[in-house]
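Please read the structure below before turning to the comments.
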Amino acid sequence: MKFKKLETEIERNRIYKHYRGNRYIVVDIAKNSDMEGDNFYVVYRALYDHGQLYITSIERFTGVNSEGKKRFILIEDEEKDRNPDHVYPTLTM
C-alpha cells in the first residue's frame with residue numbers, strides 16, 4: 001500500500017473565519033476510509049452555538065466561493081490573544 005504525503009497549509013488548533021463571518025477551529029485532517037484514493041477532509045468545530053463538528057474536503061476548505069472570496073481565512077491577530085488552555089464547547093445530545 002502506498003501512502004501519499006499530505007501537504008497542506010491548514011493549521012490544526014487554529015481559528016479560521018468563514019466568508020459568511022462565523023468562526024471555526026480546525027480539529028484535524030481526516031482520510032475517508034470508505035473511498036479509494038487520497039480523499040482528505042478538514043474536521044472543524046463551530047465556535048458558536050453548541051460547537052457543532054463539521055467536515056469538508058481540503059479542496060473546498062481552501063477554495064473560493066462563487067464570488068471569488070476565500071471560503072476560510074486564518075485569523076492571525078485573534079490567535080495571539082487566545083488562551084491555549086481554553087476548552088471549546090462540544091455538542092451534547
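Points worth noting:
- Exposure proxy order (Cβ contacts within 10 Å, fewest to most) of Ile10, Ile73: Ile73, Ile10
- Shape category assigned to segment 8-62 from the gyration tensor of Cα positions, a/c cut at 1.5: prolate
- Residues Val26, Val42, ranked from the fewest to the most other C-beta atoms within 10 Å, line up as Val26, Val42.
- 5 angstrom amide H check on Asn39, placed H, neighbours 5+ away: Asn32
We did not get these values from a lab; they are worked out from the coordinates using the rules stated. Since this is a predicted model, take the numbers as computed values, not measurements. Glycine gets a Cβ as well: all are built from the backbone with ideal geometry, and neighbour counts include every protein chain shown.
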